[in-house]
There are 4 protein chains.
Amino acid sequence: MFAIAKPEPAKGLVATDVSQVTVRTDEVRIGVTHAGICGTDMHIYQWDDWAKGRIKPPLVIGHEFVGEIIEVGSSVTEYSIGQRVSAECHIVCGVCTLCRTGRAHLCDNTNIVGVDRQGAFCEELVIPARNLWPINSKIADSHAAIFDPLGNAMHTVTTHPVAGQNVLISGAGAIGLAAVAMAKANGALTVTVVEPNAYKREIADTLGADLTLDPTKDDVVAAVKSHIPTVLLEMSGNEQALITGLNALEKGGKAALLGIPSKPVSLDLAELVIFKGLTLSGVIGRKMFETWYQVDNFVCHNPDAIDHIVTHTLPATEFQEAFNFLEQGKAIKAVLSFK
Amino acid sequence: MFAIAKPEPAKGLVATDVSQVTVRTDEVRIGVTHAGICGTDMHIYQWDDWAKGRIKPPLVIGHEFVGEIIEVGSSVTEYSIGQRVSAECHIVCGVCTLCRTGRAHLCDNTNIVGVDRQGAFCEELVIPARNLWPINSKIADSHAAIFDPLGNAMHTVTTHPVAGQNVLISGAGAIGLAAVAMAKANGALTVTVVEPNAYKREIADTLGADLTLDPTKDDVVAAVKSHIPTVLLEMSGNEQALITGLNALEKGGKAALLGIPSKPVSLDLAELVIFKGLTLSGVIGRKMFETWYQVDNFVCHNPDAIDHIVTHTLPATEFQEAFNFLEQGKAIKAVLSFK
Amino acid sequence: MFAIAKPEPAKGLVATDVSQVTVRTDEVRIGVTHAGICGTDMHIYQWDDWAKGRIKPPLVIGHEFVGEIIEVGSSVTEYSIGQRVSAECHIVCGVCTLCRTGRAHLCDNTNIVGVDRQGAFCEELVIPARNLWPINSKIADSHAAIFDPLGNAMHTVTTHPVAGQNVLISGAGAIGLAAVAMAKANGALTVTVVEPNAYKREIADTLGADLTLDPTKDDVVAAVKSHIPTVLLEMSGNEQALITGLNALEKGGKAALLGIPSKPVSLDLAELVIFKGLTLSGVIGRKMFETWYQVDNFVCHNPDAIDHIVTHTLPATEFQEAFNFLEQGKAIKAVLSFK
Amino acid sequence: MFAIAKPEPAKGLVATDVSQVTVRTDEVRIGVTHAGICGTDMHIYQWDDWAKGRIKPPLVIGHEFVGEIIEVGSSVTEYSIGQRVSAECHIVCGVCTLCRTGRAHLCDNTNIVGVDRQGAFCEELVIPARNLWPINSKIADSHAAIFDPLGNAMHTVTTHPVAGQNVLISGAGAIGLAAVAMAKANGALTVTVVEPNAYKREIADTLGADLTLDPTKDDVVAAVKSHIPTVLLEMSGNEQALITGLNALEKGGKAALLGIPSKPVSLDLAELVIFKGLTLSGVIGRKMFETWYQVDNFVCHNPDAIDHIVTHTLPATEFQEAFNFLEQGKAIKAVLSFK
């Protein structure tokens, strides 16, 4: 079968041919039709420090997808051949304390598709049935393919209530942009976006941002004085963006941190957090499966927003071009077609 | 009247004589009987960088006290002469958004007794009636005198629910020790205390700590493996203590930060906060007046605990000795008698 | 001065002439320009059982208003003559446990303008300064006049989070209709309205309701099967409406009860509440002043919605006509002009 | 194998002999050693209206138990033969919205052991592995056998925070009594118990109740004036007890309703719930598996409390005597030994 893989410990990816995997009793086989390219895939493509420490080539990558079930394991009763599905690609143990208390997204035994095991950039994917998410017939394939990053956005947006709040979003990549539309849909009074890339700021405007700021030119704290942020969604992983965001927040405000700094950050905790009575929450993954229901509802009610985020759809064989666009900051979210 | 004041911008305090202040219509005059020495008073005594930037000598200091009302302003109807009272010494504006939405402890216009205006280390104190807290007759004077720091402890303990949780407290000064007893009273499953000073660890044991650790010798993370902390109360302001605490916390855990680092801290946010899904909350002051009710209930039900925290009671004229004890780490909380 | 009063214990209201009230040090005098007619005013007009038990004629009624400050008490510093203001007309004691812990709307010592003391249907109103709410210059007088009932709606809408939820509203009077627009603004996924009056259902449609149902004809539970409600806002006070609402709610759902049944209701608690794991919250008044900030933001961002709710504005002298319209169900909210 | 069964639709139970059930791939076979008699078992024994409508004889009953694994299905990896376990006896579907969003205890497809399928009053029980709960070696068999009702108590106690609160418990059967000890362990300031049976009140005293009241003689509302309840745990299912409890609650208070009224109740919602701003939550089952972790911690730290609740332990063959004791109100919790 056709697949896209990291063949060896160096920059780049290759088209390759892989053989079929066996389906166990509680698993299903999916014929992948579309798959999204994630920031994680870009890290693996570029072979950065994180990738060097985690990925063991050769490996088929990819973990955002939609497809059709083509085989079901013998004990799987709730799914059937022909169903269109996506899946949570964090495969968790199900038996640890975190899994048994509604915090499976924090499971220590998580095994990630396309990172720790064979990925979704392949004609077929085998995955446990309990990870599946059935796709509503109203939803387009290119939207269904990116439930995973939409889930990261939704998990962050719902970490602290945004209804009636002035929301500040730092970083407007695919996830930050989804968060703009989701924060508005969830009742944010205003959404302000801080992002240095003009192309991304423009899409933020289209998605309903009330104000977009360029941190390389604008004084963010001054610019939001008339609608002081009460909720910060940090999606850039940039130290200065975080500090600016905390500075801009109203006392008693809340921050959800999804962006991953590449090194330790230096924070004046006294002035930025303690004296201001702020609350900061780290966010990772998607709640299983609260977040999926929320994404489902959002996508059904806001398909146009997703169209602005999926800027490129290409045949899977042209994956190199998609990675080029993304690397150059000329695409937001690229979806590969495996049909 | 006798008072204890910072006379000039240098280390030390002096006994002094001050004249009476006029009582406005909405204020009361209190004959101070007992007052506690706070860490803030020690900063002013030692004349550290914070004090240099904030305090304008000459100034009567002190803000933890109990006394008797000896005069009431003309529009004050709910208090009367002879009543025993303490008071919230953060005098807030009452009209800003924070004050009008239950977050007066974060008011930008806060004026602190003994810091921004004449303090309580004086025979008399004039203060707005709305700041008063009537003292239950069951409560001893030396306990009533320290409702302010007990309130800091209670505010921190109640920031995240501790009932049924494994609590880790870093720093066992007066506030940290109060938090030990309060966490147990509020249903903590276990309380572990990390504190380098053996004298303080011993009092923590007496107050019901299940485990006390010396961070200079013990491997904290390893020592709590059998009862992994789910709530961290950071009361030391020490960078390494914070990092150790976050490391020790279970994924999904909660931290309340009261201790004030004297300089920016370097944090691996990715590993310590984001990937662990932690929530960190800055804590300052006392909720007006939820915290005061909680302290009142706690002190009424747990007088013995407070006796272990107020280690020294001296005549106000011997304040120098009290400051010496505290500076040498030989006292936990010292209360001065002004009677 | 001109005023509208209940002169004696019988149906009806009369235009009357009242003399000026003195302004105390902490009060202000307001020149009332507009006032809304509340359901409470209708109860007093009709002289129903509730009114008979609570109101002591003669009494000037009315408690929803906007006006201009024309005199300030000597100790009032935060307001000045000429300022446009409305006010919270529940005058609370400020010193009880409920007042001191953020629950002043539940104060046992509440004194209500136009119910327990002289009301706002008068050229002038004297009220404590701490009850005032400054009106943003962007807001129309007829909108500012009804912050009180908009506050009831907002308090109910915010009792349980509605963002991303399917909301069911029973009862589409002025408050229920405001709740439709507020639930949508706060991110409700869908809003379904149950109301027997076709005129009110039509306005609900205009305000953004996704579905309106007539309980005298429609099978409510069946009609919402495709978007099962997770939040119920009960604003009718009708026993059957409440039971239908609880029946329609998803297991684990939340209900906020604002509508006041005129007599005890019979509830199958086992089937409707316990086995379904529902949560029911009683709602009264407005949170001081969280709700006022929320209403302020809502009205500034959604003036058109309020225009659909204030269906009638008349000179105060024509109050009888306004009460007639309301009594006949031909008006939603009527505002009287006192200018 | 020996089992206790309801043989036909009439009062009573019989000892019977049943054959072995096959273990499916994801199930385990448990050699039951001890089982508790639940109120539900008593309903079935007495053959009341509920039982007539739900139970289809012949049926082996019982659903509170502990035992040893004697066979594991082929796909079960996390449990092994010889392990001591109890289990959640609500077998849920795992795939509905409620199951996938942390509310499995509300699953519409719940199948209950000993009610809808063969029960635990038998030498062997076959149950899905995902329902198992491993029993800590510190815990006695008679304590492990009643995790199910202890879970009902814990779920109710944790529905609203009790730390620092004055708690009122109505009904002191096995679950109500467990709630007394759990509320104290979770930091309740005071616990008041309302219960007509003197024997049960005495055990409540032993378990740490601060005040016990007899509703047939005491004026409950008057008796709690000095420590007005802020949390009500309704465990009697009695209409008058519920009304008294709501009357006694402080405004803004919270109620958790576990007791199941046998018929609709008549409630003055206006006076009891709406004007008081109360919140009422229906409680059923146990959260899977948050509640089980909480019970585990509680039992490990408070074995003495459980000893006061398990008043009788008898051989399974003497089950008739156990039911007699319970029916006469002379036992709190009876455990049958199947060894």
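Each reported figure results from applying straightforward, stated rules to the coordinates on display, with no laboratory input. If you're wondering where the values come from, they're calculated on a predicted model, not measured in any experiment. For neighbour counting, all protein chains shown are included, and Cβ atoms are generated from backbone atoms with ideal geometry for every residue, glycine included.
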| query | Which aspartates and glutamates does residue B:339 reach when only Cα atoms under 19 Å apart count, and residues fewer than 8 places away in its own chain are ignored? | reply | B:17, B:64, B:68, B:71, B:123, B:124, B:141, B:318, B:321
| task | Can you tell me the order of D:144-157, D:6-19, C:153-166 when each peptide is scored by its average per-residue count of other Cβ atoms within 10 angstrom, highest first? | result | D:144-157, C:153-166, D:6-19
| field | Lys, Arg +1 and Asp, Glu -1 on Cβ, resulting dipole of the stretch A:160-282 about Cα centre, debye, nearest 20 | value | 240
| task | Compute the signed sum of charges (Lys and Arg +1, Asp and Glu -1) over the other residues within less than 13 Å, Cβ to Cβ, of residue B:76. | result | -2
| Of A:287/C:251; A:138/A:333; A:138/A:287; B:56/B:263; C:6/C:330; B:276/B:333, which sit over 26 Å apart, Cα to Cα? | B:276/B:333
| task | Apply the Karplus parameterisation 6.51 cos²θ - 1.76 cosθ + 1.60, with θ equal to phi minus 60°, to every residue of the stretch C:327-339 and state each ³J(HN,Hα) to the nearest whole Hz, in sequence, with x for glycine and proline. | result | 4, 8, x, 9, 10, 9, 10, 10, 10, 9, 9, 9, 5
| said: Can I get the semi-axes of the stretch A:292-339's equivalent ellipsoid? Compute them from the C-alpha gyration tensor as square roots of 5 times the eigenvalues, in angstrom, largest first. | reply: 24, 13, 8
| note | Taking chain D, the equivalent ellipsoid from its C-alpha gyration tensor has semi-axes in Å, biggest first, of 34, 21, 20
| said: What translational diffusion coefficient, to the nearest whole µm²/s, does the protein assembly as shown have by Stokes-Einstein, given a Kirkwood radius computed over alpha-carbon pairs, a temperature of 20 °C and 1.002 mPa s viscosity? | reply: 63
| query | If you average the sequence gap of Cα pairs under 8 Å that are 6 or more apart and divide by the length of chain A, what percent do you get for the contact order? | reply | 17
| Closest to the D-onto-B rotation axis, which residue of chain D has its Cβ, and how many Å off the axis is it? | D:187, 2
| remark: Taking the label point 7 Å from Cα along the Cα-Cβ vector, the copy-to-copy distances for residue A:10, listed from shortest in nm with one decimal, are 7.3, 8.7, 10.3
| task | Would you mind putting C:88-100, B:129-141 in packing order, based on average other-beta-carbon counts within 10 Å, highest first? | result | C:88-100, B:129-141
| field | Straight-distance crosslink candidates among lysines, where the alpha carbon sits under 19 Å from residue C:184 and sequence neighbours closer than 8 are dropped | value | A:184, C:200, C:254
| said: Quick query: amide H of residue A:313 versus all other amide H atoms, modeled in the peptide plane; which residues come in under 5 Å with a sequence gap of 5 or more or a different chain? | reply: A:335
| request: Just order C:209-217, A:230-238 by mean Cβ neighbour count inside 10 Å, highest at the front, would you? | output: A:230-238, C:209-217
| task | Apply 1/(1 + (r/R0)^6) to the Cβ-Cβ distance of residue C:1 and residue B:21, taking R0 = 45 Å, and write down the FRET efficiency to the nearest 0.05. | result | 0.55
| Just counting partner chain Cβ atoms within 10 Å, what average do the residues of peptide D:147-160 show around their Cβ? | 1
| note | HN-Hα couplings for the stretch C:28-33 via Karplus (6.51, -1.76, 1.60; θ = phi - 60°), in whole Hz with x for Gly/Pro, come out as 10, 9, 10, x, 5, 10
| request: Quote the charge dipole size of the protein assembly as shown about the Cα centre in Debye, to the nearest 20; the model charges only the Cβ of Lys and Arg (+1) and of Asp and Glu (-1). | output: 0
| query | Can you give the percent of C-alpha pairs in the stretch A:40-117 whose distance is more than 22 Å? | reply | 43
| request: Using a 10 Å cut-off on Cβ to Cβ distances, tally the other chain neighbours for every residue of A:281-290 and report the average as a whole number. | output: 5
| field | Local net charge near residue B:16, Cβ-Cβ under 12 Å (Lys/Arg +1, Asp/Glu -1) | value | -2
| said: Less than 14 Å Cβ to Cβ from residue C:267, Lys/Arg counted +1 and Asp/Glu -1: what total charge do the surrounding residues give? | reply: -4
| query | Magnitude of the Cβ-charge dipole of chain A, K/R +1 and D/E -1, about the Cα centre, nearest 20 debye? | reply | 580
| Cα-projected label distance for residue A:327 with residue B:239, points at 7 Å along beta-carbon direction, nm | 3.7
| query | Roughly what % antiparallel, to the nearest 5, for the DSSP beta bridges in chain A? | reply | 55
| request: Enumerate the aspartates and glutamates that residue D:52 could reach by cross-link, defined here as Cα to Cα under 14 Å, with residues fewer than 8 away along the same chain left out. | output: D:8, D:41, D:116
| query | Looking only at other chains, what is the average number of their beta-carbon atoms within 10 angstrom of each beta-carbon in C:259-272? | reply | 6
| query | Taking amide hydrogens as modeled 1.01 Å from N in the peptide plane, which residues meet the under 5 Å criterion relative to residue B:193, leaving out close sequence neighbours? | reply | B:169, B:211, B:212, B:213
| remark: In nm, the gap between the two label points placed 7 Å beyond Cα toward Cβ at residue B:268 and residue C:247 is 5.9
